[in-house]
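Engineer: Below you'll find the structure I mean.
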Amino acid sequence: TVSEFNLAFLRERYPTAARRIVRLYNGMHLKDFPYHSPEDRKPMIVAVGRFVEKKGFADLVLACAMLRDRNIDFECQLIGGGELEHSLA
């Protein structure tokens with residue numbers, strides 16, 4: 001589970017499995033992504049998730065097209081996979 005609150009809830013609800021339930025935060029090891037000042041690079045948009053309609057990736061692609069059409073220099077990286085992967089590409 002992802003939080004102390006839910007860990008306590010699950011351990012209370014399922015006491016026979018309590019010792020096997022662990023908390024794992026949804027996060028990234030920032031040391032794997034060294035900081036680079038925006039002054040030294042173009043702006044970057046990064047989105048991570050499942051490529052399904054409810055996540056809004058198609059809206060992000062449209063917004064990026066608007067930035068491109070305004071001659072705004074940026075990069076956008078989509079990370080994930082799913083049913084919309086080919087249409088988003």
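The values are calculated or read from the model by the stated rules, or taken from the named source; none is laboratory data. Everything quoted here is computed from the prediction, not taken from an experiment. As a convention, Cβ positions derive from the backbone with ideal geometry for all residues, glycine included, and neighbour counts pool all protein chains shown. Accessible surface is based on the protein model in full, side chains and every heavy atom, while ligands, DNA and RNA are left aside. Shrake-Rupley method; radii C 1.70, N 1.55, O 1.52, S 1.80 Å.
Engineer: Out of the residues in the range 1-22 that are of a type outside the set (Val, Ile, Thr) and open to solvent by less than 80 Å² (accessible area, probe 1.4 Å), state the one that is nearest to residue 85 (Cα to Cα).
Structural biologist: This residue is 3.
Engineer: Do the conditions hold for residue 78, that is, is it surrounded by 11 or more Cβ atoms within 10 Å (Cβ to Cβ) and without any contact (Cβ under 8 Å) to a residue 12 or more places away in the chain?
Structural biologist: For residue 78, the condition - surrounded by 11 or more Cβ atoms within 10 Å (Cβ to Cβ) and without any contact (Cβ under 8 Å) to a residue 12 or more places away in the chain - is not met.
Engineer: Of the residues in the range 23-37, how many are more than 24 Å from residue 4 (Cβ to Cβ) and open to solvent by less than 80 Å² (accessible area, probe 1.4 Å)?
Structural biologist: Residues in the range 23-37 being more than 24 Å from residue 4 (Cβ to Cβ) and open to solvent by less than 80 Å² (accessible area, probe 1.4 Å): 1 in total.
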